[in-house]
Amino acid sequence: MNVNQQPPMASPYGQPQPGYGQPSYAPLGGGYPGPYGPYSGPATAYQPGAPQGYSTYASFPSKAVAANPVSDLSSPLDLGSARGPPPVSTNHAYSQYAQGDIQNGPPPMDHSMAQPAHRPPVSQPYSQGAMNLSGPHPSYPQQYRAQPSMQQMTNQMSGMQVGSGPLTSAGPGYAPPPSSKPPISAAYSAAAPPSYTQAPPPVSGTPSQPPSEPAAPQPYYDGPPPSQQQHFPSSAPPPSQPFPSSSPYSGPPPSSQPWAPAVSRQQSFPPGPPTPAQQTFPNSAPPPVSQASYSGPPPSSQPGPFPPTFAPPAQYPAPQPPSQPGPPPFHSGPPPQCPMPPPSMSQQQANHLPPGPMQQPPQPGMQGGYPPQQNGAFGQPRGPQPGYAGPQYPGQQNYGAGPAPTPAPTQKRLDPDSIPSPHASELPAVQKFRHRIDPDAIPSPIQVIEDDRANKSSEPFTTGVKGQTPPLVTTNFQVKDQGNASPRFIRCTAYNIPCTADMAKQSQVPLAAVIKPLAMLPPDETRPYIVDHGEAGPIRCNRCKAYMCPYMQFIEGGRRFQCGFCSCVTDVPPHYFQHLDHTGKRVDCCDRPELSLGSYEFVATVDYCKNNKLPQPPSFIFFIDVSYNAVKSGMVNIVCQELKTLLDYLPRENPEADSVVRVGFVTYNKVLHFYNVKSSLAQPQMMVVSDVSDMFLPLLDGFLVDVNDSRMVIESLLDQIPEMFADTRETETVFGPVIQAGLEALKAADCAGKLFLFHSSLPIAEAPGKLKNREDKKLVGTDKEKSLFQPQSGFYSNLSKECVAQGCCVDLFLFPNQYVDVATLGVVPVSTGGSVYKYTYFQAEMDRERFLNDLRRDVQKPMGFDAVMRVRTSTGIRATDFFGSFFMSNTTDVELAGLDCDKTVAVEFRHDDKLSEDTGALMQCAVLYTSCSGQRRLRVHNMAVNCCSQLADLYRNCETDTIINFFSKYAYRSLLNTPTKTVRDTLVNQCAQILACYRKNCASPSSAGQLILPECMKLLPVYLNCVLKSDVLQPGADVSVDDRAYLRQLLSSMDVSESHVFFYPRLLPLVKLDGGSLPMAVRNSEERLSKGGVYLLETGLYLFLWVGANAQQELLSNIFGTPTFSQIDPNMTSLPELDNPFSQRLREIIDSFRSQRSRYMKLMVVKQEDKAELIFKHFLCEDKSACGGASYVDFLCHMHKEIRQLLS
């Protein structure tokens, strides 16, 4: 068999289903697109002994505990190939937490550990001369003794745990294997010749998982995938023969401690027997034939004499060899429910003929005998082996690097990218799969989230302690304001910032805050108090104009105060004077919100109003597209019917009072129709403006009206609009003049307000702002791709500037059936603090609920108008950059025509002087806005953080979710001016620099083969990989330019909790829904899905209900009201309301998820193996994506290689 042959990809569930597409993968740059690549030859040395820098206590997940006081931050992870044999443990029980500094590999050879490792003897001596392999071979002195017991052998083979008992999580922060894995007890008992049978199905009935994903290096920035589907080229080719379990035991016996995963080089060699926890044949289908053993000698790439076969004890009956006629060599287990033909017999026979001159290699393209991995590799993934190194393909980028030994006795580290591939027969099966990277042994987002919930949800989070990191956004917690703003208003990337610019530059950790000024608070928390100082207005510093806050220091008996931001001393106005107590605080400190709380509001005086005039109440104007497409889709009718009831829910501050917001109505296609709905009219009047090149308002009185006064006329109008335009044939629309009309109306009324535009198509009618179709897929992936995200002309940028000046916010609801140039149409909404909603291929019956819920929330949510935000900081740092939906006419003021409770502004800070550890750093965000009642107000949020001169303190107080939110906004904005590949490279490089700086300056000295992550940043690689794989930065073939522009604009104003679920969706197994608590989420990977289960996936924009093909009848009946899988309607968008506790609880969970998000999440039912499953799998972000995005494991290897290159 050709050692470099790559098996073809197979369907993850047996034979490919109709309509079930499979992703194809791009080869690495310059690599081999075909199934063959050059073979570098075997590594010939196997060096016994224990090299320097390794410890036998090699269980990966742990905190490094050593003399270095910083190492408690670290999560060491061995990602390098070992330079010697795997450690063989002495008789220690498996421990998740090793002693001392955790490293992987054999122990350092100091005098205290000079004794040879104790190897359990086995019954037969090993003869080196018996193997006829090329190259020199050092001797392997090993003795054998009595065979271990079945249970011991099982535990040793599994490489996970020794002794009985449940499998525990691998240390803090790492998730245990999901409960859906079958408890297969595949122990070995003596049998000759040994072969495999399927282990008995688990009692629980839960099917086994798909195989865990291999850790194949892969392309990051390549072009389009090749047309043919192929095995991912950078994973190692299969060996010349799959090595049977009856192989001579040519290495040390399995260790009772697992060899920590070596990630530097992932190879997908088909292994020997799978571990008991990984018997992964669905539905108890027989295992592939190529895993069966035979009684002859083990296969080799060369014929020659072989030592006697050592058959480990196995409970499998001995079948006939596959090459002989007779009963199939598999026993037990029910037949599969769907037909799963075995691999081709020619392949089976080729794999299991006795070695000799007649043996033929299988032909390329034959079906391989191993279940496919998630990313297309076959067999169980494995890492680099001690003494052997991975393949090298010329011209290819290899991710993850590991040193390999040379044949010489001296240990030398080779270039990680020039590591040859071993022969399969050189390693025993036990050793082969022991080195795969266990997905459960790398940092788990789920475990981190659950740990944070367990530790921080019970006690209220008090903000009085400066610089403490708040609970994660995924944790439900109560906040008590004691002088710093709640994390619901401000979240920082770091709560302990470097004292100097050099230190900040060295660490590369971004110094930023994500501010949500008008965030909604839960019912058990108090809204910011409103402080009214009368005509004098708020008390401020004379120099920097900072507002009175808890950081001001009163001096001279309370007659003056020193500013905490600029240290300027200001006189206290007589009306504000108060005596000080013995501690120097004012005696009324606790009675004044501005002296004791982090967030509060001031009533602004007329000096803070435009033109020194108190503002009018805001207005809402609804613009309805009545072109052919809009009427035909049903949008016009739905909008008109909904507005009749929605007008009762206009925003108001006092729920008991009527809203003071006035409303107006316009319809348009290529001309505009204004409506007079004055209360004194019996019927509404329509006025048409056809000269759209010079837009004006045809009426003043009767256009903007009070809802209660004109209700009858408004309802009459909304009934008539669908009838008036029911037979329209006008397909062209305008867009620019529509916004101009709204702007003119607000100017005429001298008020701020919001325009609601319901628009369906590209505005191609002759008018200002006319657009052309510029969608060009050929630009994707080129340097000109950035032009697709830029507006077509400067018209809308200029228009948005006028809108902001008037306080005219625009919300855009799009209903496109084709390209509408969201990048251009979205300029005004994004610049004015508005929102864009997109309903592609809108169908009234399917999308009505989603659209109406979005519209209701958009109309009702609390918001401010005509807002200006400024961020002040203490001496030493300053705000330098801003990200979000706003307009800036200077470098300091963020101007928002509208600011609602969902909008955030990200602010980046830089040093302009040295900071002091004693005083820390302060920031104050002040937002001046007009409330929906027409009152001018100032909302103030204060935040104090610590400063540090040690990098370790910085890394101990970071928040990864906020860092990812900032990175994604930075990257998405960069797309306007920078090629996508450059943006991706910049993100990877900065992440690598952050982690390399920690490794170099904070972590304990350790082997270069280890990836060491800061404790609070151990999820940075997985989350950053999700950003890199997002549709904006790495689109699939089916992602339109409009979708990418929409998502780019959407993310620009997302808060941290929404960006978290957007990049790392929440996946819940719906097994037991007892009580009020949610089931524990599982990780976002296909291997976590059970064919017998039902799962709910929340992405922030969609909800998916995935139904396994073998889901229990009772479960299906409880959810869908039908007991059979085939009768489930995949087109349903809401679950039937069934009278059973499970159905009620599931619908409650869905409703609660929707209530937490700013957009209504449409429910999509996905049946396993249905074509819609490809969309669902797109959101399983720990797996390799169809468009070439790396799996979590692969990206971790790539990140490790980048870090090592920086350190070297």
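The values are calculated or read from the model by the stated rules, or taken from the named source; none is laboratory data. What you see is a predicted model, and the numbers here were worked out from it, not measured in a lab. Ideal geometry is used to build each Cβ from the backbone, glycine not excepted, and the neighbour counts take in all protein chains shown. Side chains included, ligands, DNA and RNA excluded: accessible areas come from the protein's heavy atoms. Shrake-Rupley method; radii C 1.70, N 1.55, O 1.52, S 1.80 Å.
In straight-distance terms, cross-link reach from residue 1091 covers every one of the lysines whose alpha-carbon lies under 23 Å from its own, apart from those fewer than eight places away in the same chain; here that gives 181, 1072, 1167, 1171, 1177, 1184.
Ranked highest first by the average count of other Cβ atoms within 10 Å around their residues, in what order do 589-598, 458-467 fall? Spell out each step's value before the answer.
Details: 589-598: 18.6, 458-467: 15.1.
Ranked from most to least packed, the peptides come out as 589-598, 458-467.
Over all other residues within a Cβ to Cβ distance under 10 Å of residue 886, the charged ones net out to -1, with Lys and Arg as +1 and Asp and Glu as -1.
If you average the sequence gap of Cα pairs under 8 Å that are 6 or more apart and divide by the length of the range 617-861, what percent do you get for the contact order? Walk me through the intermediate numbers first.
Values: 458 pairs, mean separation 54.2, N = 245.
Worked out over the range 617-861, it gives 22 percent.
Provide the per residue accessible area, probe 1.4 Å, for the range 617-861, rounded to a whole number of square angstrom. Write out the running numbers ahead of the final one.
Numbers: 9380 Å² over 245 residues.
Averaged over the residues of the range 617-861, the accessible area is 38 Å².
Over the range 1065-1180, what relative contact order in percent results from Cα pairs under 8 Å that are six or more residues apart? Relative contact order comes out at 27 percent. What is the distance in Å between the Cα centroid of the range 835-906 and that of the range 635-692? So the separation of the two Cα centres works out to 23 Å. In terms of packing, defined here as the mean over residues of other Cβ atoms within 10 angstrom, the peptides 685-695, 500-510 line up highest first as 500-510, 685-695. Remark: the range 980-1060 carries 24 Å² of accessible area per residue (probe radius 1.4 Å; ligands, DNA and RNA excluded).
By accessible area, using a 1.4 Å probe on protein heavy atoms only, the range 757-853 has 49% of its surface on carbon and sulfur. Taking the centroid of alpha carbons for each part, the range 448-527 and the range 1062-1096 are 27 Å apart. State whether the range 1065-1180 is rounded, prolate or oblate according to the following rule on the C-alpha gyration tensor (a ≥ b ≥ c being the square roots of its eigenvalues): a/c under 1.5 gives rounded; otherwise a/b larger than b/c gives prolate, and the remaining case gives oblate. Taking the square roots of the gyration eigenvalues as a ≥ b ≥ c, the range 1065-1180 is rounded.
How large a share of the accessible area of the range 540-596, in percent, is made up of carbon and sulfur atoms when the probe is 1.4 Å and the other protein chains stay in place? Spell out each step's value before the answer.
Details: 1450 of 3020 Å².
So the carbon and sulfur contribution to the accessible surface is 48 percent.
Solvent-accessible area per residue in the range 1066-1202 equals 34 Å², computed with a 1.4 angstrom probe and all protein chains kept.
Just add up the charged neighbours of residue 1141: K/R +1, D/E -1, any other residue whose Cβ is under 12 Å from the Cβ of residue 1141. Walk me through the numbers before you get to the answer.
Values: positive: 1072, 1145, 1147; negative: 1074, 1139, 1148.
Result for the local shell: 0.
In the structure shown, do any of 754/801; 778/969; 632/678; 505/914; 516/786; 801/1029 have a Cα-Cα gap over 23 Å, and if so which?
In this structure, 778/969; 632/678; 516/786; 801/1029 lie more than 23 Å apart at Cα.
Evaluate E = 1/(1 + (r/R0)^6) for residue 1078 and residue 588, where r is the Cβ-Cβ distance and R0 equals 45 Å; express this FRET efficiency to the nearest 0.05. Mind dumping the intermediate values first?
On the way: r = 45 Å, r/R0 = 0.99.
Here the calculated transfer efficiency is 0.50.
Can you tell me how the range 621-660 classifies by the Cα gyration tensor, rounded, prolate or oblate, using a/c under 1.5 as the rounded cut? Since a/c reaches 1.5 and a/b is larger than b/c, the shape of the range 621-660 is classed as prolate. For the range 540-596, relative contact order (Cα pairs under 8 Å, six or more residues apart, normalised by length) works out to 31 percent. If a spin label sat at a point 7 angstrom from the Cα of residue 981 along the line to its beta carbon, the backbone N atoms of the range 768-791 nearer than 18 Å would be those of 777-788. What whole number of Å gives the distance from the Cα centroid of the range 964-1017 to the Cα centroid of the range 735-751? Here the two parts' Cα centres lie 46 Å apart.
Which FRET efficiency, nearest 0.05, do residue 1137 and residue 1114 yield, Cβ-Cβ r, R0 22 Å?
Values: r = 18 Å, r/R0 = 0.83.
With R0 = 22 Å, the Cβ-Cβ based efficiency is 0.75.
Each of the peptides 915-921, 800-806, 862-868, 1069-1075 was scored by the mean count of other Cβ atoms within 10 Å over its residues; in descending order, highest first, they stand as 862-868, 800-806, 915-921, 1069-1075. Among 693, 773, 665, which residue has its Cα furthest toward the positive end of the charge dipole of the range 617-861, with +1 on Lys/Arg Cβ and -1 on Asp/Glu Cβ? So the residue furthest toward the plus end is 773.
With a 1.4 Å probe and every protein chain kept in, tell me what percent of the accessible surface of the range 1096-1208 is carbon plus sulfur.
Values: 1940 of 4130 Å².
Heavy-atom surface of the range 1096-1208 belonging to carbon and sulfur, 1.4 Å probe: 47 percent.
Which of the aspartates and glutamates could be linked to residue 644 by a straight reach, that is with a Cα gap under 13 Å, when you skip same-chain ones fewer than 8 residues away? Straight-distance partners of residue 644: 715, 719.
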